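Here is the structure we will look at, set down as structure tokens.
The values are calculated or read from the model by the stated rules, or taken from the named source; none is laboratory data. All values derive from a computational prediction rather than experimental measurement. Cβ placement follows ideal geometry from the backbone for every residue including glycine, while neighbour counts extend to all protein chains displayed.
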Amino acid sequence: MEISLPLDQMTKAEKLRVMEALWADLTRQEEEFESPAWYEEVLKQREASVSSGEAKFLDWETVKKELREKLK
């Protein structure tokens, strides 16, 4: 099934409402989804990185600024 939305005519608010509706629908059926096998290993590696102090965190505003600079 192909779904087409008039994205170029929608406001940001309308697009966010559509995303929220999709997310709400997907999370109602979360037991039907199985995480890929590799995902557990990635989570364990990240947890170890945080526990050892190796992980570095940036606040969201800093990340957005850096991404915008990279994408110019």
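Being touching an Asp or Glu at 6+ places or on another chain (Cβ under 9 Å) and at pLDDT 95 or above, is that true of even one residue in segment 13-23?
Within segment 13-23, none of the residues are touching an Asp or Glu at 6+ places or on another chain (Cβ under 9 Å) and at pLDDT 95 or above.
Go through segment 24-44 and give me each residue that's β-branched (Val, Ile, Thr) and either surrounded by 10 or more Cβ atoms within 10 Å (Cβ to Cβ) or modelled with pLDDT of 95 or more (or both).
Once the filter is applied, which keeps residues that are β-branched (Val, Ile, Thr) and either surrounded by 10 or more Cβ atoms within 10 Å (Cβ to Cβ) or modelled with pLDDT of 95 or more (or both), segment 24-44 yields only Val42.
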